[in-house]
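Chemist: Got a structure here, written out as C-alpha cells. Questions coming.
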Amino acid sequence: MLVRRALALAGTIGLAAAVRAGEGPAAVAPFNDAIEAYAKLHRRVAADLPPLPKRAEAAQIAAYQKALAQRLAAARPSARQGDVFVAVSRSELRRLLREATAEQPAAKEKEIATGNPAAEGVRVPLKVNVVYPEGAPRSNVPTTVLARLPRLPPELEYRFVGDHLVLLDAGAHVIVDFMARVGEPAKEPARP
C-alpha cells in the first residue's frame, strides 16, 4: 500500500513521458554532482576524526558515528530538503522509480515494505541533518530499483520511509535529503 500509487502509475508511462524535455541522463547530472559534493564533504569531515580501531567495540562505533553526524551537520548548517535531490532531477528520478517498479509490482511493493518504518508503525521524522533514529527499521531497496537509480558513492544509501525516498549517510546515519511522496506524479508548473 505504501508504494501502490507509484506502481499504479508505472503502467501509464509511455515513451513520450521518457523523452520529455528535462528528462533523461542529463537531467540526473545535477543530482550526481550534488551526491559527489556531499561524498567529498563526508570524506573530508571523516578524515578529521580519529580512525576507529580495527576491532572497535559498539560504544566506540556509536561515539564515532555521533561525532561524524555532529560534524557533518556543522559543515552543512543551512542544509535543507532539495539540496541533493535537486528540483531539475526529481522528475527523472521519479520516472526511474516508476520504471523500476513496473515489473512485478506486488513483489516490489512487498520488498519495499519490508523494514519500512511506516509499514511497521515506527515514526521516523524526515528532516535534513537529523540522525536516523537508533533502532528504527530500514527498508529494503530492491536491486531492480538500485539498478535504475543513479549509483551512489559508498558514503550514501537509498532508503524508503513510507513513500518517501531518503538519502542516508551510511556512516553517520544522518538524513542527507529526501524526496517526498515518490509514488505520486510530480506536480509541474503550468506552462504559458
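Chemist: Looking at the stretch 93-105, which of its residues are over 15 Å from Phe178 (Cα atoms), assigned to a helix (DSSP H, G or I) and of a type outside the set (Gly, Ala, Ser)?
Modeler: Quick first cut of the stretch 93-105, residues over 15 Å from Phe178 (Cα atoms) only: 95-96, 98-105.
Pick out the ones that are also assigned to a helix (DSSP H, G or I) and you get 95-96, 98-102, 105.
Across the stretch 93-105, the qualifying residues are Arg95, Leu96, Arg98, Glu99, Thr101, Pro105.
Chemist: Let me ask something else about it. Report, by residue number, each residue of the stretch 61-108 that is touching a Phe, Trp or Tyr at 6+ places or on another chain (Cβ under 7 Å) and of a type in the set (Gly, Ala, Ser).
Modeler: Correct list: Ser89 only.
Chemist: If I ask for residues that are modelled with pLDDT of 95 or more, buried (at least 22 other Cβ atoms within 10 Å of the Cβ) and assigned to a loop (DSSP other than H, G, I, E, B), which ones from the stretch 172-188 would you list?
Modeler: Correct list: Ala172 only.
Chemist: Got a sec? Which of Val145, Val84, Val161 is surrounded by 20 or more Cβ atoms within 10 Å (Cβ to Cβ), farther than 14 Å from Phe31 by Cβ, β-branched (Val, Ile, Thr) and touching a helix residue (DSSP H, G or I) at 6+ places or on another chain (Cβ under 8 Å)? Break it down stepwise before answering.
Modeler: Details: Val84 fails: farther than 14 Å from Phe31 by Cβ; Val161 fails: touching a helix residue (DSSP H, G or I) at 6+ places or on another chain (Cβ under 8 Å).
On inspection, the qualifying residue turns out to be Val145.
Chemist: Let me ask another. Can you name every residue in the stretch 149-186 that is within 15 Å of Ser89 (Cα to Cα) and more than 13 Å from the chain's Cα centre (by Cα)?
Modeler: Pro185, Ala186
Chemist: Which of the residues belonging to the stretch 118-136 are among the small types (Gly, Ala, Ser) and surrounded by fewer than 12 Cβ atoms within 10 Å (Cβ to Cβ)? Don't jump to the end; show me each part of the working.
Modeler: The first filter runs over the stretch 118-136 and keeps only residues among the small types (Gly, Ala, Ser), leaving 118-119, 121, 135-136.
Across the stretch 118-136, the qualifying residues are Gly121, Gly135.
Chemist: Which residues, counting only those in the stretch 70-117, are β-branched (Val, Ile, Thr), at pLDDT 90 or above and more than 17 Å from Arg151 (Cα to Cα)?
Modeler: Step one: filter the stretch 70-117 for residues β-branched (Val, Ile, Thr), giving 84, 86, 88, 101, 112, 114.
Filter again for at pLDDT 90 or above, leaving 84, 86, 88.
Listed by number, the list holds a single entry, Val88.
Chemist: For the stretch 65-80, give me the residue count where each residue is surrounded by 16 or more Cβ atoms within 10 Å (Cβ to Cβ) and either in a helix (DSSP H, G or I) or more than 17 Å from the chain's Cα centre (by Cα) (or both). Spell out how you get there, then give the answer.
Modeler: Pass one, the stretch 65-80, residues surrounded by 16 or more Cβ atoms within 10 Å (Cβ to Cβ): 65, 67-69, 71-73, 76, 79.
Cutting the leftovers down to either in a helix (DSSP H, G or I) or more than 17 Å from the chain's Cα centre (by Cα) (or both) gives us 65, 67-69, 71-73, 76.
Qualifying residue count, the stretch 65-80: 8.
Chemist: Return the only residue of Ala107, Ala118 being hydrophobic (A, V, I, L, M, F, W, C) and touching a strand residue (DSSP E or B) at 6+ places or on another chain (Cβ under 7 Å). Can you show your working first?
Modeler: Working: Ala107 fails: touching a strand residue (DSSP E or B) at 6+ places or on another chain (Cβ under 7 Å).
Within the list Ala107, Ala118, the selection yields Ala118.
Chemist: Output the number of residues of the stretch 106-163 satisfying the condition of being closer than 19 Å to Arg80 by Cα, part of a loop (DSSP other than H, G, I, E, B) and of a type in the set (Ser, Thr, Tyr).
Modeler: 1
Chemist: Scan the stretch 149-177 and report the pairs whose first residue is over 14 Å from Val130 (Cβ atoms) and whose second residue is charged (D, E, K, R) and in a strand (DSSP E or B), with Cβ atoms within less than 6 Å and a gap of 6+ or a chain change.
Modeler: Pairs found: Ala170/Glu157.
The values are calculated or read from the model by the stated rules, or taken from the named source; none is laboratory data. Since we're looking at a predicted model, the values are computed, not measured. When we count neighbours, we look across all protein chains shown, and the Cβ atoms used for this are built from the backbone with ideal geometry, even at glycine.
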